[in-house]
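S.K.: Below is the structure I would like to discuss, written out as structure tokens.
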Amino acid sequence: MTQTEAASDHTPAASQPATDMDVIVVGAGFAGMYLLHRLRGLGFRVQVMEAGSDVGGTWYWNRYPGARCDVESMQYSYQFDDDLQQEWEWSERYATQPEIIRYARHVADRFDLRRDIRFDCRVAAAHLDETQDVWRVTTEGGDTLTTRWFVMATGCLSSANMPDIPGVESFRGAIFHTGQWPHEDVDFTGKRVAVIGTGSSAIQSIPIIAEQAASLTVFQRTANYAIPARNRPLDPEDVARIKAHYGEMRAQAKKMPAGILFQANDVSARAVDDAERQARFEHRWQKGGLTFLGAFNDLLLDEKSNRYAADFVRNKIRKTVKDPKVAELLCPTNIIGCKRLCVDSGYYETFNRQNVHLVDISGSPIEALTESGLRTGGEEYAFDCIVFATGFDAMTGSLLRVDIRGSEGRPLAEKWQEGPKTYLGLMTAGFPNMFMVTGPGSPSVLTNMLPSVEQHAEFIADCIAHIAGNGLKRIEAEPEAEEAWVAHGDQVAGLTLRSTCSSWYVGANIPGKPRVFMPYIGGFPAYLDKCAEVVANGYEGFRLS
Ligand code: FAD
Ligand code: NAP
């Protein structure tokens with residue numbers, strides 16, 4: 001019997017109470033879209049609920065100037081359907097947001113997804129009715145639907161972080177957040193613009209805003225490392241070569257710690273002399289992109305090796321930025337790669353423009369927005385537009401913004417008040433039949449997210465089919481398995497330098513958020529092996545009933 005037959009034979013089982021849906025999926029980003037396709041193929045009745053007005057998730061919301069992926073397009077794309085990956089033509093090494101959203105829409109059309117997605121529909125609450133093993137999912141509009149299986153595909157970086165700065169309502173100009181960018185064109189021509197933040201979103205948008213604006217002032221709390229993207233149109237010969245061996249390439253990528261295929265150098269930065277070290281860093285710098293950190297095998301493990309890489313980038317900044325004071329301010333002092341590495345197109349060069357100014361706010365936070373601008377360090381600055389490039393309440397934000405209650409009515413927010421706990425980033429004990437895609441405790445944000453969301457969607461869909469096909473009705477993470485997974489996650493996090501700084505990986509960007517290193521850093525291959533072993537052992541660590 002195929003899994004499809006197994007599922008349709010048992011959904012809904014005659015002995016179980018009828019539900020409006022077999023599965024409700026929250027979110028229609030790449031995760032929710034693929035889940036819908038996969039679950040529908042297995043014979044389930046699926047409803048996707050999406051707060052936005054269209055598919056695409058991250059790429060629906062983040063429309064700021066310069067937004068593009070920093071994992072190469074040929075890898076940052078679905079692989080579940082070979083016809084799709086053969087037919088789709090990416091135009092650049094790193095696709096722009098408009099191209100990625102076109103791709104998401106194409107996938108929605110190709111697999112006829114929209115008919116099962118409710119757009120403009122934000123889920124407010126999901127409560128487990130344990131007497132019937134049913135989830136009641138309530139939208140902000142007040143509708144409630146029942147479902148046996150409930151999946152949060154709400155994204156790791158989808159709850160915009162708007163800092164709580166007094167006076168926001170008094171500012172008479174326009175306010176933007178990169179993660180909630182308007183759908184209409186925003187024209188900064190002739191405007192005095194402020195950008196708050198210097199993370200990936202700021203670093204992508206600053207060079208373009210600077211070209212348009214009369215003046216641009218960047219408010220920097222912590223300087224960040226950026227590696228040149230060296231973006232370029234894709235060479236048709238390279239594309240043909242990749243497509244001829246796409247399957248092999250995807251399989252190779254899954255053997256890499258971040259799920260991204262590139263030539264890694266399995267040598268310590270301490271094992272070579274200075275000339276060779278500089279040459280290897282220079283080679284990566286010229287190639288461009290995130291794989292700079294693959295120049296040596298211990299850049300995220302050994303402080304001295306890390307310092308070599310950091311010094312190399314700092315020297316590049318000093319050579320690029322003409323004003324030595326500005327260059328020094330732009331030189332990060334922390335571990336390179338501890339906060340997520342940024343990939344730029346002309347970021348540091350932008351600070352050589354006459355109309356661009358850098359304000360260091362590391363010692364004096366923005367005190368208030370005023371009618372005409374903002375105030376920091378006792379000084380007033382006047383602007384027409386203020387852009388918050390202040391990031392996200394990452395990994396847990398979108399999960400905890402929904403009032404989720406599991407067994408005995410216990411809120412997820414209460415269970416996670418000292419930090420998130422999950423088994424494999426897929427389920428959390430006490431919340432039966434509720435799954436998360438790329439939840440805390442999964443490799444997610446430390447990997448190419450497309451293969452990560454595909455792997456989770458496949459795990460979840462196959463798991464539901466397995467349970468339904470075996471006449472069961474409930475799956476739940478065992479508390480002991482969860483504790484062991486959390487302890488393992490903490491232990492591997494402690495082995496790397498990545499867990500040592502105040503990044504969004506540890507929740508440091510959100511006041512009051514518990515400090516826990518949230519993603520699983522043991523590597524994509526180890527995680528895939530663990531998931532495969534769990535399934536082979538009859539969903540070991542999960543209680544099926
Ligand atoms: P999302 O795309 O975040 O989709 C989640 C969806 O859930 C959203 O549409 C949201 O509206 C919806 N939602 C959330 N809460 C609710 C609710 N309560 N009710 C209804 N709907 C809800 N990753 C990479 O690997 N490479 C990259 O180059 C890369 N670039 C990025 C660039 C930016 C600007 C950002 C912000 C992230 C980037 N990422 C990148 C990470 C990116 O989030 C993932 O690659 C991927 O798009 C995640 O897909 P998803 O479906 O899991 O989540
Ligand atoms: P981010 O990395 O969290 O950066 C936010 C920036 O805002 C930081 O510089 C932060 O300073 C600053 N900030 C936050 N609150 C502030 C406050 N109250 N006052 C002053 N400054 C404040 O967010 P992001 O740039 O949106 O990126 C988030 C993640 O999304 C990335 O790490 C990446 O995973 C993904 N992304 C990828 C791309 C890409 O290239 N494909 C582009 C954008 C985003 P501190 O550092 O001091 O906290």
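The values are calculated or read from the model by the stated rules, or taken from the named source; none is laboratory data. Everything numeric in this text was worked out from a predicted model, so none of it was measured. Ideal geometry is used to build each Cβ from the backbone, glycine not excepted, and the neighbour counts take in all protein chains shown. Areas reflect the complete protein model, heavy atoms only, side chains present, ligands, DNA and RNA absent. Shrake-Rupley method; radii C 1.70, N 1.55, O 1.52, S 1.80 Å.
S.K.: Taking all protein chains in place and a 1.4 Å probe, what share, in percent, of the accessible surface of the stretch 380-467 do carbon and sulfur account for?
M.R.: Result for the stretch 380-467: 44 percent of the exposed heavy-atom area is carbon or sulfur.
S.K.: Karplus couplings for the stretch 496-505 from phi (6.51 cos²θ - 1.76 cosθ + 1.60, θ = phi - 60°), rounded to Hz, Gly and Pro as x?
M.R.: Whole-Hz 3J(HN,Hα) from phi for the stretch 496-505: 10, 6, 4, 8, 9, 10, 7, 10, 6, 4.
S.K.: While we're on this one: Using θ = phi - 60° and the Karplus curve 6.51 cos²θ - 1.76 cosθ + 1.60, what whole-Hz ³J(HN,Hα) does each residue of the stretch 255-268 get, with Gly and Pro shown as x?
M.R.: Values, residue by residue: 8, 8, x, 9, x, 10, 7, 7, 7, 8, 10, 8, 9, 6 Hz.
S.K.: Compute all pairwise cysteine Cβ distances in the chain, then list the cysteines with no distance under 4.7 Å to another cysteine.
M.R.: Lacking a cysteine Cβ partner under 4.7 Å: CYS69, CYS121, CYS156, CYS331, CYS342, CYS385, CYS463, CYS531.
S.K.: In percent, how large is the relative contact order of the stretch 258-340, given Cα pairs closer than 8 Å and 6 or more residues apart?
M.R.: Rounded, it is 27 percent for the stretch 258-340.
S.K.: Quick one: pull the percent of accessible area on the stretch 75-153 belonging to carbon and sulfur, 1.4 Å probe, ligands and nucleic acids left out.
M.R.: 40
S.K.: Summing Lys, Arg as +1 and Asp, Glu as -1, what charge do residues with Cβ under 12 Å from the Cβ of ILE404 carry, ILE404 excluded?
M.R.: The answer is +3.
S.K.: I'd like to check one number: the per residue accessible area of the chain, probe 1.4 Å, reported in Å² as a whole number.
M.R.: Computed with neighbouring chains in place, this is 41 Å² per residue.
S.K.: Under 19 Å from the Cα of LYS191, which aspartates and glutamates turn up, not counting those fewer than eight places away in the same chain?
M.R.: GLU211, GLU371, GLU380, ASP384
S.K.: With a 10 Å radius around each residue's Cβ, average the other Cβ atoms per peptide and rank 431-438, 505-512, highest first.
M.R.: Going by the mean number of other Cβ atoms within 10 Å, highest first, we get 431-438, 505-512.
S.K.: Would you mind checking which residues have amide H under 5 Å from LEU358's amide H? H placed 1.01 Å from N; only 5 or more apart, or other chain.
M.R.: VAL218
S.K.: To continue, here is another question. Find how much the distance from ASN352 to SER545 grows on full extension, using 0.36 nm per residue of separation minus their present alpha carbon separation; answer in nm with one decimal.
M.R.: Length gained, ASN352 through SER545: 63.0 nm.
S.K.: If we sort 267-275, 398-406 on the protection proxy, mean other Cβ atoms within 10 Å, highest first, what's the order?
M.R.: Output ranking for 267-275, 398-406: 398-406, 267-275.
S.K.: Given the rule -39500 (n - 2.57) for each run of at least 4 DSSP H residues, summed and divided by the residues of the chain, what is its mean residue ellipticity at 222 nm, to the nearest 500 deg cm²/dmol?
M.R.: Helix-only estimate at 222 nm: -9500 deg cm²/dmol.
S.K.: Mind ranking 219-225, 82-88 by how tightly packed they are, going by the mean number of other C-beta atoms within 10 angstrom, highest first?
M.R.: 219-225, 82-88
S.K.: List every residue whose amide H lies under 5 Å from the amide H of ASP298, counting only residues 5 or more places away in sequence or on a different chain, with H placed 1.01 Å from N in the peptide plane.
M.R.: When sequence neighbours closer than 5 places are left aside, the close amide H contacts are ALA269.
S.K.: Take the solvent-accessible surface of the protein heavy atoms, probe 1.4 Å, and return the percent of it on the stretch 182-232 that carbon and sulfur atoms account for.
M.R.: About 43 percent, which is the carbon plus sulfur part of the accessible surface.
S.K.: Please list 3J(HN,Hα) in residue order for the stretch 54-70, calculated via the Karplus relation 6.51 cos²θ - 1.76 cosθ + 1.60 where θ = phi - 60°; whole Hz, with x for glycine and proline.
M.R.: 3J(HN,Hα) across the stretch 54-70, in whole Hz: 7, 6, x, x, 2, 8, 7, 8, 8, 9, 5, x, x, 5, 7, 6, 10.
S.K.: Another question, if that's okay. In what order, largest first, do LEU329, LEU426 sit by accessible area if the probe radius is 1.4 Å?
M.R.: From most exposed to least exposed: LEU329, LEU426.
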